[in-house]
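Taking it in order: structure first as structure tokens, then the write-up.
The values are calculated or read from the model by the stated rules, or taken from the named source; none is laboratory data. Everything numeric here is computed off the predicted structure, so don't read it as measured data. Quick reminder, even Gly has a Cβ in these numbers, built from the backbone with ideal geometry, and neighbours come from all protein chains shown. What goes into the accessible areas is simple: the full protein's heavy atoms, side chains included, and nothing from ligands, DNA or RNA. Shrake-Rupley method; radii C 1.70, N 1.55, O 1.52, S 1.80 Å.
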2 protein chains.
Amino acid sequence: MAENAAKSTEVRMINFQTSPEQYRHWKLKIDGAVAHLSMDVQEDATLVEGYKLKLNSYDLGVDIELADAVQRIRFEHPEVQAVVITSLKPRIFCAGANIYMLGTSSHAFKVNFCKFTNETRCAIEDDSRHSGRQYVAALNGTASGGGYELAIACDQIYLVDDGNSAVSLPEVPLLGVLPGTGGLTRLVDKRKIRRDRADVFSTLAEGLKGKRAKEWGLIDDHFPTSKFAEAVEAKVKDLIGGSEQESGPGIKLNPVAFQASDSGREYKYVSLKLNREERYADLTMRGPEGDLPTTPEEIQKLGYAYWPLQAYRELDDLLLHIRVNEPEVGLVCLRTEGDIDQVLALDKTLAENADHWLIREITLNMARVLRRLDLTAKSFFSLIEPNSCFAGNLLELALASDRVYMLNDPDSGVTEIAVSELNAGALPMSNGLTRLQSRFQGEPERVDEVLAHDSRFDTEQAEEAGLVTFAPEDLDWEDEIRLAIEERTSLSPDALTGMEASLRFAGPESMDTKIYGRLTAWQNWIFQRPNAVGEKGALTNYGKATQAQFDYKRT
Amino acid sequence: MAENAAKSTEVRMINFQTSPEQYRHWKLKIDGAVAHLSMDVQEDATLVEGYKLKLNSYDLGVDIELADAVQRIRFEHPEVQAVVITSLKPRIFCAGANIYMLGTSSHAFKVNFCKFTNETRCAIEDDSRHSGRQYVAALNGTASGGGYELAIACDQIYLVDDGNSAVSLPEVPLLGVLPGTGGLTRLVDKRKIRRDRADVFSTLAEGLKGKRAKEWGLIDDHFPTSKFAEAVEAKVKDLIGGSEQESGPGIKLNPVAFQASDSGREYKYVSLKLNREERYADLTMRGPEGDLPTTPEEIQKLGYAYWPLQAYRELDDLLLHIRVNEPEVGLVCLRTEGDIDQVLALDKTLAENADHWLIREITLNMARVLRRLDLTAKSFFSLIEPNSCFAGNLLELALASDRVYMLNDPDSGVTEIAVSELNAGALPMSNGLTRLQSRFQGEPERVDEVLAHDSRFDTEQAEEAGLVTFAPEDLDWEDEIRLAIEERTSLSPDALTGMEASLRFAGPESMDTKIYGRLTAWQNWIFQRPNAVGEKGALTNYGKATQAQFDYKRT
């Protein structure tokens, strides 16, 4: 039962930043209102050694580029109304996640890999849902496994009729695992395919071709090879036909800069200090400073350096870093530093200009980063001390935390928190609730009470309002925090992951939470089962001369 | 990574039937409108050897009695309006699932054990929700782990104030696993406890006592030892005060009789034929025959032998049997035999008398059995052939199946199906949808079309209506079925379990589906992790001199 220890696909540090000039696997071409995002995976340009990315199969490195491309389209090319995702390889769209990469990866890496690829696909849908950009999967060849899962994250799916190309989810029949990137959930919950047909499709290694695939709802249409490009183009034209898209100019996303050291990372607005021995990290976010722009025009001019964009991009990069590169960190203590008034003024600007495309994108990105935090398998404690600025958008950090500690000492300085317009709905969780709604499911009237409180909350008021877990006094503060950290980091990391996945998502479920909760949890279970990853498991044996051997007991 | 093979808690055959005269762990006392269900676990009366059931801890045998008691109250004692669950042991209500039993059980057994105990607790809530019976947990001592999870399945929780007794969920801090019987989900989704408080409570081994427990919403009230019995009695009196309960007399539930052999089981209305080598089973349900009663009075007189009660109780027993005692069976082929008109007449009687307590209980039981089928980790194929009676309530078997095959051969006899009133809402899935709604999420208008179809569907009509997956012709039928069976039983049983858990539950999620989907899947994952079940895992090490040792990587 020993954990698959670090294997070849684990590298010391994975870098989640890239840019189109650096892409090795994707080509991004902007053509007026249409972006062409074309997959052309370089089989040797793998993230680590040990496998080749044949047939447009992907590893984390390929998906980091995809995530970057989607993000850049939103900020740098707001004039884009439709994104056509296709392949530059003949007869193959995408063969999905590379199986040899999966087969040689540790359990932890597989789990993190799937989580990231899921977030990328949810980001595509987020763009479609909230920014109106239409994603078209132009399947100029077979889309299998993760390839079809990428297609099904798009709004429209068109498949070439070349007598050979199919869509398929061969994971269950070929690999003994699930399609791990939302495929099963999207079959029945997004495309609402009949469950018996979804069953047949998900157990049919070769998948389905044009006519039957369309009949069953797996694709929107199919066209012969000779007419494919033209037909897709016409569909795209239809899509963007009458619609008006607010247009740019876009803003350039600069690289997110940081100083790394053994003990942490320093970004402009975010710091990470690692306490490796104690298996926890201190993460501090610094609020905005100086004269902030208040009009979209000024903000557009300021661009990537605008606090809510830069600070949250930094936080996003850091969350990905600690997930993948710091596996032993089990707890993150969140702090903020800065001026509450500045944060509130900033939120006011964002709320007042919510209709402007750039403000919308900036706010949607903040929401995605906060959801990335909700979905991070680390415990979070927010520590609210004097000179912090847990206000408005930064109050969401506290509301996203598993616990909130707020110092109760009127003498030691100003310890306050505050709400803003952004706590009322602009930054929803994956289940659609605001974090205040999620917190107060048992006392829903408190949501409006808190939102109506137009001054700051001191510690006693915050406690009274239900916004903090514990409010230790000055004398007890350090001891209580130290003990809480020690206790938390002593617990089974697996039990905490399962516990937090349950307690963080009370209330309704959405397609997204079903993917991260139900589907992912089952996949993680299967990813540990000998029938998949054992010596004779299907994933281990894929492509070998030996045949997988199953323990056929049904569990 | 080898599967924990069969260990001491696995016995050849587990019998899920019992009756109050046979109870060893519970006392059921009916006192007018109040039932007292008291736990008094005999520590040596274990299901298998190897552990002692100290401190009212339980194994599957204890829970089988609890499930039976709840079922009997509903049928045999309809006059009961409140059920008080308490303990006959001093200072301890219930210590939860026995840890040594869990520690020595195979993974598969743990999974099935948790599923059954979850179903029992959902059955308590089903009784409360649909039959109005109030469940009161009278915690005359500490309720920890599964003990508190039993309490939280009740409508009201009262805790004694004896300076010592507490409620707690110590699984995460002590055992490195989750509270596996819905506890985490019910904390935040039923009692709607603030997530940060739920976090603190679920990591606090010693739990919380009266005042704080009430303040946080974990219990409804607490009373000192000297006044506890009296105070609970007063609360119960309040509960049943003005309400009127339709009363019996109840009907006696006879033992469900069957003939067992190596190759299967024969009940009166249900047959199981095992094809062990091929790892599938044939399950046939026979429809009602002869003159069926049409009034509640006649039905009450007929009692347990009334078809919908007896046939579904048999099916229930059989489902539990194949889950636990036939782990290698991966696929169940469902068939029916009988007269469609009889089934439809029966459904008419049930629908017309839905307000009568006995008809209500019979129908609710059918619904629970069908949900047990939805939640069974075996594949189900329905095979519709001539002389079958997939109509009304039995059509739900087909709608619950992963696939439906219907013979298309007008010459070979009558192959038809039909809907009844009961397909419109009386037999909902765990997510609250009817199985027709679940099937037609993509084409919701079909639900009403199908329900409005007041004659039978022949095969072509059934296919046209979207009710069958495949309709092979006579010449192809045997080959196609044989191939489908061979293919299904060749696939990884784990991947199928995860796939079916995803595809069967499209659409909304309820507290129940969150327990069976999200929570259970995470628990199953944790139940495989070395941090829980490895040599140095917390579950394995519980009660030993050695300390658990964790791999602290967070996954």
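Taking one quarter of the surface of the C-alpha convex hull of region B:15-158 gives a mean projected area of 7.8 nm². Loop-located trypsin sites (Lys or Arg not before Pro) in region B:482-544 (DSSP state other than H, G, I, E, B) with a sparse environment of at most 10 neighbouring Cβ atoms within 10 Å: B:LYS544.
For chain A, the longest principal axis of the alpha carbon atoms and the long axis of helix A:357-374 meet at an angle near 90°. If you take every DSSP beta bridge fully contained in chain A, what fraction is antiparallel? Give it as a percent rounded to 5. Of those bridges, close to 35 percent are antiparallel. Counting only alpha carbon atoms, the long axis of helix A:493-503 and the longest principal axis of chain A meet at about 80°.
Coupling constants for region B:384-394 follow from the phi torsions by the Karplus curve (6.51 cos²θ - 1.76 cosθ + 1.60, θ = phi - 60°), and in residue order they are 9, 10, x, 6, 8, 9, 6, 9, x, 4, 7 Hz; glycine and proline get x. Close amide H partners of A:TYR135, meaning residues 5 or more places away or on another chain with modelled amide H under 5 Å apart, are A:VAL83, A:ASP155, A:GLN156.
If you build the convex hull over the alpha carbons only and average its shadow over all orientations, what do you get for the protein assembly as shown? Give it in nm² to one decimal.
On the way: hull surface 171.2 nm².
Mean orientational projected area (the protein assembly as shown, Cα hull): 42.8 nm².
Here the spin labels are modelled as points 7 Å beyond Cα on the Cα-Cβ line, and at B:LEU88 and A:ASP411 they lie 6.0 nm apart. For B:VAL332, the amide hydrogen comes within under 5 Å of the amide hydrogens of B:ALA281, B:SER379, B:PHE380, B:PHE381, counting only partners 5 or more places away or on other chains and with H modelled in the peptide plane.
Extending 7 Å from Cα along the Cβ direction at B:ALA234 and again at A:GLU230 yields two label points whose distance is 8.7 nm. Could you point to the residue in B:LEU370, B:PRO224, B:HIS130 farthest towards the positive end of chain B's charge dipole, with +1 and -1 charges on the Cβ of Lys/Arg and Asp/Glu respectively? Going by the charge dipole, the pick is B:PRO224. When the solvent-accessible area of region A:263-381 is split by element, carbon and sulfur atoms take up 46 percent of it, the probe being 1.4 Å.
D by Stokes-Einstein for region B:89-164, Kirkwood Rh over Cα pairs, 4 °C, 1.567 mPa s: 96 µm²/s. Considering only beta bridges that DSSP places wholly inside region A:275-432, some 5 percent are antiparallel. Under the combined filter of DSSP loop state and at most 15 neighbouring Cβ atoms within 10 Å, region A:449-555 retains these GluC sites (Glu not before Pro): A:GLU535.
The B-A contact accounts for approximately 9000 Å² of buried accessible area, totalled over both chains at a 1.4 Å probe radius. Once the Cα-Cα distance is subtracted from the 0.36 nm per residue extended length, the B:ASP221 to B:LYS190 segment shows a gain of 9.5 nm. For B:LYS301, the aspartates and glutamates whose Cα falls under 19 Å of its own Cα, not counting residues fewer than eight places away in the same chain, are B:GLU76, B:GLU79, B:GLU246, B:GLU289, B:ASP291, B:ASP347, B:GLU352, B:ASP355, B:GLU361.
For the residue pairs B:LYS54/B:LYS544; A:LYS52/A:LYS544; B:LYS52/B:LYS209, the C-alpha atoms sit more than 18 angstrom apart in B:LYS52/B:LYS209.
Over region B:243-385, accessible surface divided per residue gives 38 Å², non-protein components excluded, 1.4 Å probe. Seen from B:ILE299, the other residues with C-beta closer than 12 Å to its C-beta sum to a net charge of -2, counting Lys and Arg as +1 and Asp and Glu as -1. Whole-Hz Karplus values for region B:187-201 come out as 3, 8, 9, 9, 7, 6, 6, 4, 4, 6, 5, 4, 4, 5, 4 Hz, taken residue by residue from phi with 6.51 cos²θ - 1.76 cosθ + 1.60 and θ = phi - 60°; glycine and proline positions read x.
Convex hull volume of the C-alpha atoms in chain B, normalised per residue: 154 Å³.
For region A:183-221, heavy-atom accessible area (probe 1.4 Å) falls by no less than 40 Å² from the chain alone to the full protein assembly at A:LEU184, A:VAL188, A:LYS192, A:ARG194, A:ARG195, A:ASP196, A:ASP199, A:VAL200, A:THR203.
Compactness of region B:357-427 was expressed as the Cα radius of gyration divided by 2.2 N^0.38 Å, which yields 1.22. One compactness figure for region A:284-398 is 1.08, namely its Cα radius of gyration divided by 2.2 N^0.38 Å. With R₀ set to 51 Å, the beta-carbon distance separating A:GLU480 from A:ASP31 gives a calculated FRET efficiency near 0.30. Apply the Karplus curve 6.51 cos²θ - 1.76 cosθ + 1.60, θ = phi - 60°, to the phi angles in region A:61-66 and return the couplings in whole Hz, x for Gly and Pro. 3J(HN,Hα) across region A:61-66, in whole Hz: x, 5, 6, 4, 5, 4.
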